[in-house]
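Undergrad: The structure is given below, and queries will be raised subsequently.
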Amino acid sequence: MPQNSVSLDQLRREIDRIDESIHDLLIQRSALVERVAVAKGDRAVVLRPGREAEILRRLLARHRGQFPRMALVRIWREMIGALLAIQAPFAVAVHAEGEGRGASFVELARNHFGVVVPLQICRTPGQVVRAVADGEASAGLVPLPQAVGSDVAEEAEPWWTSLAAGRGEGPRVVARLPFVAPPPAPGVPEPPQALVIACRDHDETGDDRTLMVLESGPDVSRDRLRAAVAAAGLDSAGVLAVCRHGDVWLHLIEILGHVPAADPRLARLTATREPVAHVSVVGGYATPLPPEALA
Ligand SMILES: O=C(O)C(=O)C[C@]1(C(=O)O)C=C[C@@H](O)C=C1
C-alpha cells in the first residue's frame with residue numbers, strides 16, 4: 001500500500017502499539033534496576049553518575065532522526081531519577097538561597113534528578129555538605145566556584161575546604177551539572193554550574209576531570225602551582241578557587257582525567273612539600289557534553 005493511502009486511524013493504532021512496547025520496556029527496565037540495587041549490596045549510596053554519563057553519551061552517539069536530542073536526554077534523566085528513588089530512599093539537598101539564582105539551582109536539580117526525587121532546600125552550601133555528611137540527604141547540589149575573568153573565586157569559608165578535611169570518608173564531588181545544557185537562547189538565563197556531592201568515589205568513564213585541594217604556604221602564584229602540578233605528571237585544567245587562612249592557602253584545582261586518591265603522582269606532588277605541602281582528591285566527574293553533542 002502506498003504510504004499516503006494509510007489512514008490516520010491506522011497510523012494512530014501503530015503509535016498505540018509503539019507506546020505499549022515502550023511502556024513494557026520501561027516496566028522491564030525498572031525490574032532490572034531492582035536487581036541492580038540488590039547486586040550493589042550497599043543501599044546507602046545507589047547513585048552512579050559515571051554510569052549515567054556513559055548511558056547518555058552512548059545514546060546520543062547512536063541517535064538519528066528528527067526526535068530532539070535534548071528531549072532524549074530529558075526522558076532518560078527523568079527515568080534514571082525515578083529509578084534511583086526505587087532503589088533506596090533518595091533525597092537531594094540543594095543550596096537555594098535567595099531569588100533567581102536559588103530558583104535556578106532548584107530547576108537544575110529537577111532537570112537532573114526528575115520529579116520523583118525529593119529536594120531538601122538548604123540556605124548555605126555548608127548546610128548541603130552537612131546534610132550529605134550526616135546521611136540526611138543522599139546527594140547534594142553545591143555551586144561550582146568559578147573564576148571571574150582572570151581572578152579565581154576567593155571565599156572566606158568555602159564549602160569545598162570541608163571536603164578536603166573529610167580524608168576520603170565523607171562527601172566528595174561525583175558529578176557536574178548541567179551534564180548537557182540546552183544551547184544558549186537570547187533572553188534566557190543560562191543554567192548555573194553546580195557540583196553534585198555524595199559519600200562515594202567518582203567513577204572513571206573515559207572522559208573525566210578530577211578535583212583536588214592543594215595546601216601551600218602564602219603567596220604561591222597560580223603559575224608556580226601549575227608548574228608543580230605539571231612536574232608531578234598531572235595535567236591541570238585550572239585553579240577554580242582559593243581560600244587564604246593566614247599562612248595556609250588552600251587551592252581548589254581541576255585536573256584533566258580520572259585520578260584516584262592512591263595515584264603515585266600525588267606523592268610526587270608533595271615529595272618536597274614545596275610549594276604543595278598537602279594534596280587531597282575531593283572527587284571528580286564525567287566531563288559534561290559540549291553543546292555540539294545536541295546538534
Ligand atoms: O547501574 C546502576 O547502578 C543503576 O542503579 C541503574 C541506573 C539506571 O537507571 O540505568 C540508575 C541509577 C544510577 O545512578 C545509574 C544507573
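Undergrad: Among (1) of a type outside the set (Val, Ile, Thr); (2) surrounded by 11 or more Cβ atoms within 10 Å (Cβ to Cβ); (3) near the ligand (Cβ under 9 Å from one of its atoms), which single condition is Ala39 missing?
TA: (2)
Undergrad: Could you list, in sequence order, the residues of the stretch 91-119 that are assigned to a loop (DSSP other than H, G, I, E, B) and at pLDDT below 95?
TA: Let us first name the residues in the stretch 91-119 that are assigned to a loop (DSSP other than H, G, I, E, B), namely 91, 96-100, 114-118.
Those that are assigned to a loop (DSSP other than H, G, I, E, B) and at pLDDT below 95: Ala96, Glu97, Gly98, Glu99, Gly100.
Undergrad: Output yes when any residue across the stretch 141-162 is farther than 21 Å from His251 by Cβ and at pLDDT below 95, and no when none is. Even if it seems obvious, please write down each step before you answer.
TA: Restricting attention to the stretch 141-162, the residues satisfying the condition of being farther than 21 Å from His251 by Cβ are 141.
Those still in the list that are at pLDDT below 95 too: none.
No, that holds for no residue.
Undergrad: Collect the residues in the stretch 53-88 that are part of a loop (DSSP other than H, G, I, E, B) and either more than 14 Å from the ligand (Cβ to nearest atom) or acidic (Asp, Glu) (or both), keeping them in residue-number order.
TA: Initially, the stretch 53-88 is screened for residues part of a loop (DSSP other than H, G, I, E, B), giving 63-68, 88.
Those that are part of a loop (DSSP other than H, G, I, E, B) and either more than 14 Å from the ligand (Cβ to nearest atom) or acidic (Asp, Glu) (or both): His63, Arg64, Gly65, Gln66, Phe67, Pro68.
Undergrad: Something else: For the list (1) β-branched (Val, Ile, Thr); (2) in contact with a Leu (Cβ under 9 Å, 6 or more places away or on another chain); (3) farther than 30 Å from Ile80 by Cα, I need the number of the one condition that Thr272 fails.
TA: Result: Thr272 fails condition (2) only.
Undergrad: Name the one entry in Ala261, Ala241, Ala227 that is under 27 Å from Leu108 (Cβ atoms) and either loosely packed, with under 15 Cβ neighbours inside 10 Å or not assigned by TED's automatic domain parsing to the domain that holds Val106 (or both).
TA: Details: Ala261 fails: under 27 Å from Leu108 (Cβ atoms); Ala227 fails: under 27 Å from Leu108 (Cβ atoms).
So the residue among Ala261, Ala241, Ala227 that is under 27 Å from Leu108 (Cβ atoms) and either loosely packed, with under 15 Cβ neighbours inside 10 Å or not assigned by TED's automatic domain parsing to the domain that holds Val106 (or both) is Ala241.
Undergrad: In the stretch 242-262, what count of residues is obtained for those that are assigned to a loop (DSSP other than H, G, I, E, B) and within 18 Å of Ala286 (Cα to Cα)? So that I can check it myself, show each step before the final result.
TA: Taking the stretch 242-262 as the starting set, the residues that turn out to be assigned to a loop (DSSP other than H, G, I, E, B) are 246-247, 257-262.
From what is left, the residues that are within 18 Å of Ala286 (Cα to Cα) are 257-261.
Of the residues in that region, 5 qualify.
Undergrad: State which residue is nearest to Asp247 (Cα to Cα) when the search covers only the stretch 264-294 and only residues that are part of a helix (DSSP H, G or I) and among the hydrophobic types (A, V, I, L, M, F, W, C).
TA: Taking the stretch 264-294 first, the residues part of a helix (DSSP H, G or I) are 264-269, 291-294.
When the remaining residues are screened for being among the hydrophobic types (A, V, I, L, M, F, W, C), the result is 266-267, 269, 293-294.
Details: Leu266: 22, Ala267: 22, Leu269: 20, Ala293: 44, Leu294: 46 Å.
Applying the filter and picking the extreme gives Leu269.
Undergrad: Same structure, new question: Show the residue pairs meeting these rules: Cβ distance below 7 Å; 6+ apart or different chains; first residue within the stretch 193-215 and surrounded by fewer than 19 Cβ atoms within 10 Å (Cβ to Cβ) and assigned to a loop (DSSP other than H, G, I, E, B); second residue polar (S, T, N, Q) and modelled with pLDDT of 95 or more.
TA: Asp207/Thr287
Undergrad: Check the stretch 17-32 and report whether any residue there is in the same structural domain as Pro178 (by TED's automatic domain parsing), outside any helix (DSSP H, G or I) and either surrounded by fewer than 16 Cβ atoms within 10 Å (Cβ to Cβ) or near the ligand (Cβ under 9 Å from one of its atoms) (or both). Spell out how you get there, then give the answer.
TA: Keep residues of the stretch 17-32 that are in the same structural domain as Pro178 (by TED's automatic domain parsing), which gives 17-32.
From the residues that got through so far, the ones that are outside any helix (DSSP H, G or I) too are none.
Among the residues of the stretch 17-32, not one is in the same structural domain as Pro178 (by TED's automatic domain parsing), outside any helix (DSSP H, G or I) and either surrounded by fewer than 16 Cβ atoms within 10 Å (Cβ to Cβ) or near the ligand (Cβ under 9 Å from one of its atoms) (or both), which makes the answer no.
Undergrad: Name the one entry in Val174, Val242, Val142 that is without any contact (Cβ under 8 Å) to a residue 60 or more places away in the chain and touching a Phe, Trp or Tyr at 6+ places or on another chain (Cβ under 9 Å). If you could, list the steps in order and put the result at the bottom.
TA: Numbers: Val174 fails: without any contact (Cβ under 8 Å) to a residue 60 or more places away in the chain; Val242 fails: without any contact (Cβ under 8 Å) to a residue 60 or more places away in the chain.
Residue meeting the stated conditions: Val142.
The values are calculated or read from the model by the stated rules, or taken from the named source; none is laboratory data. No experiment lies behind these values; they were computed from the predicted model shown. Heads up, the Cβs are rebuilt from the backbone with ideal geometry, glycines too, and the neighbour counts pull from every protein chain shown.
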